[in-house]
Amino acid sequence: MPRIMTLRSEALDLLRALTATVEALKRFQHPSGAAYGFEMAARLGPTVAEFEHAVIESRSREAATAALDEIAPLMHNINGAATKGDLKIFSGHDDQTLETYWRLNTIFRESKYASESL
């Protein structure tokens, strides 16, 4: 049976993608890029934690949106580095982490969820 997509379910999927990104950055081991991966994890991690708190604990659209606004430029940089191959942090061609982020990063601005709360 197909899952019904709600703002909350989409936000939780987005949270999983962001958490997976932070974890992948922490695990990244490459002589020339490990420091960059660790630095990006250190910058992204606290903001992902803010997003998690907004979605799970406070259920605040406003706080979640604010956290995503801070996350966006970091994910843009991570995506660029991953796409170029400088940050090979995602395993294989079937990894959907970045695709999930790009598909869901605007959910709090979409009209289909305008009347939904977290």
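Screening the range 103-114 for residues that are among the aliphatic types (A, V, I, L, M) and surrounded by 11 or more Cβ atoms within 10 Å (Cβ to Cβ) and picking the one that is nearest to Ala42 (Cα to Cα) gives Leu104. Looking at Pro46, Pro2, just one residue is surrounded by fewer than 17 Cβ atoms within 10 Å (Cβ to Cβ), out of contact with any strand residue (DSSP E or B) (no Cβ under 6 Å at 6 or more places or on another chain) and modelled with pLDDT under 90, and that residue is Pro2. Remark: pairs (first residue in the range 91-104, over 17 Å from Leu25 (Cα atoms) and in a helix (DSSP H, G or I); second residue at pLDDT 80 or above and not small (Gly, Ala, Ser); Cβ separation under 7 Å; 6+ apart in sequence or on different chains) = Leu104/Glu10; Leu104/Asp13; Leu104/Leu14.
Quick one: in the range 61-102, which of the residues that are surrounded by fewer than 18 Cβ atoms within 10 Å (Cβ to Cβ) and touching an Asp or Glu at 6+ places or on another chain (Cβ under 9 Å) is modelled with the lowest pLDDT? Ranking the qualifying residues of the range 61-102, first place goes to Gly80.
Selection of the range 58-90 for residues being under 18 Å from Phe38 (Cβ atoms), of a type outside the set (S, T, N, Q), touching a residue at least 24 places away in the same chain (Cβ under 8 Å) and part of a helix (DSSP H, G or I) yields Ile71, Leu74, Met75, Ile78, Ala81. Run down Val55, Val22 and say which single residue is closer than 26 Å to Arg109 by Cβ, without any contact (Cβ under 8 Å) to a residue 40 or more places away in the chain and in a helix (DSSP H, G or I). Exactly one of Val55, Val22 is closer than 26 Å to Arg109 by Cβ, without any contact (Cβ under 8 Å) to a residue 40 or more places away in the chain and in a helix (DSSP H, G or I), namely Val22. Being within 13 Å of Leu118 (Cα to Cα) and out of contact with any strand residue (DSSP E or B) (no Cβ under 7 Å at 6 or more places or on another chain) is the requirement here; does Leu87 meet it? Judged against the criteria, Leu87 is not a match.
The values are calculated or read from the model by the stated rules, or taken from the named source; none is laboratory data. Because the structure is a prediction, the values reported are computed rather than measured. Here the Cβ is made from the backbone with ideal geometry for all residues, glycine too, and neighbour counts use every protein chain on show.
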